[in-house]
Amino acid sequence: MNVNAIAVANYLVDLSMKSDVKLRQFGLMKRVYITHGFCLALLNRSALDPRFDVVEAWKNGPVIPSVYHSFKHNRNNPITEKSVVVEWIDDFKVEYETPELGDADIKEVAKAVFEKYIDLSDAEIIALLHRKGTPWALCYEEGKNNPIPDFYTKIFYKKSLGI
């Protein structure tokens with residue numbers, strides 16, 4: 001399967017279940033975005049699929065709608081299972097697939113993000129992404145879900161890494 005936000009999210013859910021760390025929807029969404037940012041900066045490529053993954057500036061920070069909609073049923077409860085997607089085989093048949101992250105480089109980045117931000121609460125990670133000068137701060141307008149260009153995210157994470 002291609003790399004996409006749901007595959008990254010599912011990998012982070014795997015890491016959380018293996019380490020007994022409780023991930024909730026907000027924390028998961030933000031960590032997927034941070035993984036994407038570090039992939040842009042370090043690997044010069046996205047962790048998202050541009051066909052259906054976009055990053056938007058919502059009130060509570062950067063959001064990838066595909067991740068939000070896939071995990072919103074958890075509300076503020078710990079996420080205990082991965083997301084599945086529907087694959088249309090033909091007009092009358094569908095299959096359910098669990099997106100898995102197969103890209104070793106992106107897995108390495110996602111694991112590093114998971115470990116680096118393991119101790120941050122959802123409120124702390126939201127505050128981190130709300131700081132002045134973040135891509136979210138540059139794009140957010142109240143009442144709108146403006147896109148956050150990858151260009152902004154890449155520059156921000158390169159600067160954060162000193163590269």
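Data table
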item	result
Test: residue in segment 88-106 that is of a type in the set (A, V, I, L, M), closer than 20 Å to residue 148 by Cβ and either out of contact with any Cys (no Cβ under 7 Å at 6 or more places or on another chain) or in contact (Cβ under 8 Å) with a residue 40 or more places away in the chain (or both)	yes
Residues located in segment 70-87, provided they are free of Cβ contacts under 8 Å to residues at least 60 places away in the same chain and either out of contact with any Ser or Thr (no Cβ under 9 Å at 6 or more places or on another chain) or charged (D, E, K, R) (or both)	72, 73, 75, 76, 77, 86, 87
Filter result for the condition that a residue is in contact with a Ser or Thr (Cβ under 9 Å, 6 or more places away or on another chain) and of a type in the set (A, V, I, L, M), over 155, 125, 118	118
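Any read-out appearing in this document is the output of simple, stated calculations on the displayed coordinates, not a laboratory observation. If you're wondering where the values come from, they're calculated on a predicted model, not measured in any experiment. Cβ atoms come from the backbone with ideal geometry, glycine included; neighbour counts cover every protein chain shown.
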